[in-house]
Amino acid sequence: MLRTYSEIFALPGALRFSLAGLVARLPIAVLGIGIVLFIQGETGSYETAGLVTSVFMVVQAMTNPLIARLVDAHGQARIMVPVVCIHLVALVGLLLSVLLDWWVGTVFLSAGLAGASVGSLGSLVRARWNAIVKNSRQLDTAFSWEAVADEILFVSGPVLVTALATLWIAPAGVLISGLATLVGALLFYPQKATEPAPRGRSSDRSGRVLTHPGIFIAIICQVFLGVVFGAIDVIAVGFGDAQGAKAFAGIALSALAAGSLVAGAVYGAADWRLAARFRFPLMLVILTAGTWLLLLANDMVLFALLLFVVGVGIAPSLIAVSSVIQTLAPPERLTEALAWISTALGFGVAIGSAAAGTVIERLGAHEAIWIVALCATAALVISAAGLRAMDPARTVTPHRPRRERIDTAQQP
């Protein structure tokens, strides 16, 4: 396993941009739950916290592909440096509007502006990997490492933020997110050697992303998975609060990330002969089974253990869908195509956060777990039904020559 990963880090500049990207995307692990804990801690309302987080996530989801398209056309640093500056200003506005009890509209406005200026750091890092790897096996390993790196953040981030927000100051998660964004940007964007060359504006309608049925199906699945992730964040806090162990919510979410981390590391070291489009629903079977088991939880210890089982299906599912989209997307729109993953997840997280917050307020945290189980099942069913559409061979048309693709996984 170590030899497999050391091979990709030996590529020129790979270790530097990957580690810088790791710092820069710490907010994906801490900002969502940081906003929930901040708003709930200051207002006492899970529903308000869920709604504010939903605004943040929805706007982020809407703007990520637009930012990614600009990045594809003009380059990563040229677009993202001013975007990062706007994001930091928006976070300051969110903190002030809540702490100083400004008009509630400024809270939602600041959250929306913060969401609009996040960008998809993960897609930027993966686009760099796609530009430097030599074959499909290396790309699978690189995507697996990035998923594992995300889970390293999700193991440590929620525990740190939940502890600081509940035991020290409520806005701890927002503050940590802003600091990581600033430091990560200073480390990542100056690395020009591995930055993919901008492709300029394209008027080729055949290069559009969501018109491909396979990509569209994969993205719809990500919306449902986003509901799962968004709901779990809020459910963990509400479940812990109901058990008198609110601070334990961070540990429970870290168990989820730990399961994902272990599974992602193993997935990346495997030499897969099964095509990515078949791997995707297979990994969703594991994830879905874990969500139904979660209904058995009656205390925080069992809840955390079952979240670990759910986590085993997360990283492999996200790695597989990245590989699916990479095989289907036009090369000139790769960053945009990969950004649609986080966009779809963002829409789902927004829906999941709001829905879970409302159900918790009215029925309780345990009842909100049904949202998670049903949406995971929907993602599995849709992915299985869309296997044919996700076949790379179907991208070939009489009017468009087939392109060489990095993914050469054998069909079963």
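The values are calculated or read from the model by the stated rules, or taken from the named source; none is laboratory data. Since this is a predicted model, take the numbers as computed values, not measurements. Cβ coordinates were reconstructed from backbone atoms using ideal geometry, including for glycine residues, and neighbour counts include every protein chain displayed. Ligands, DNA and RNA are excluded from the accessible area calculation, which covers all protein heavy atoms including side chains. Shrake-Rupley method; radii C 1.70, N 1.55, O 1.52, S 1.80 Å.
Using only Cα atoms, tell me the angle between helix 76-99 and the longest principal axis of the chain; keep it within 0 to 90° and round to the nearest 10.
Between helix and principal axis, roughly 10 degrees.
Taking the chain as the reference, fit the longest principal axis to its C-alpha atoms, fit the long axis of helix 276-293 to the helix C-alpha atoms, and give the angle between the two in degrees, 0 to 90, nearest 10.
So the helix axis and the longest Cα principal axis differ by about 20 degrees.
Could you grab the Rg to Rh ratio for region 238-325? Cα atoms only, Kirkwood for Rh.
Rg/Rh: 1.07.
Give me the net charge for the shell around Phe239: Cβ to Cβ below 13 angstrom, other residues only, Lys and Arg +1, Asp and Glu -1.
-3
Write down the accessible area per residue of the chain in Å², having rolled a 1.4 Å probe over the full set of protein chains.
Per-residue value: 40 Å².
Run the Debye formula on the Cα coordinates of region 59-159, all scatterers equal and no solvent, and tell me log10 I(q)/I(0) at q = 0.12, 0.20, 0.21 1/Å.
The Debye formula, applied to the Cα set alone, gives -0.54, -1.07, -1.11.
How much length, in nm to one decimal, is gained on full extension between Leu305 and Trp168, taken as 0.36 nm per residue of separation minus their Cα-Cα distance?
Taking Leu305 through Trp168 to full extension adds about 46.6 nm, to one decimal.
Looking at Thr358, Gly290, Ile251, which one has the Cα that reaches farthest to the positive end of the dipole of region 225-370 (charges on Cβ: Lys, Arg +1; Asp, Glu -1)?
It is Gly290, whose Cα lies furthest towards the positive end.
For region 224-306, with all protein chains present and a 1.4 Å probe, just round the carbon and sulfur fraction of the accessible area to a whole percent.
72
Rank Leu124, His87, Thr63 by how far each Cα sits towards the positive end of the charge dipole of the chain (+1 on Lys, Arg Cβ; -1 on Asp, Glu Cβ) and give me just the farthest.
Positive-end residue among those listed: Leu124.
What is region 336-381 by shape, rounded, prolate or oblate, if you read a ≥ b ≥ c off the alpha carbon gyration tensor as root eigenvalues and call it rounded for a/c under 1.5, prolate for a/b larger than b/c, and oblate otherwise?
oblate
Relative to the first principal axis of the alpha-carbon coordinates of the chain, what is the inclination of helix 334-362, with its axis defined by its Cα atoms, in degrees from 0 to 90 and to the nearest 10?
20
Taking all protein chains in place and a 1.4 Å probe, what share, in percent, of the accessible surface of region 1-154 do carbon and sulfur account for?
With neighbouring chains kept in place, the figure for region 1-154 is 69 percent.
Give me P(r) over region 1-137, computed from all C-alpha to C-alpha distances, binned every 5 Å, as integer percentages.
Calculated over all Cα pairs of region 1-137, the distribution is 2, 9, 17, 19, 15, 12, 10, 8, 5, 3, 1, 0 percent.
Expressed as cubic angstrom per residue, what is the convex hull volume of the alpha carbon set of the chain?
122
For the chain, give the magnitude of the charge dipole about the Cα centre (Cβ charges: +1 Lys/Arg, -1 Asp/Glu; no others), in debye to the nearest 20.
1620
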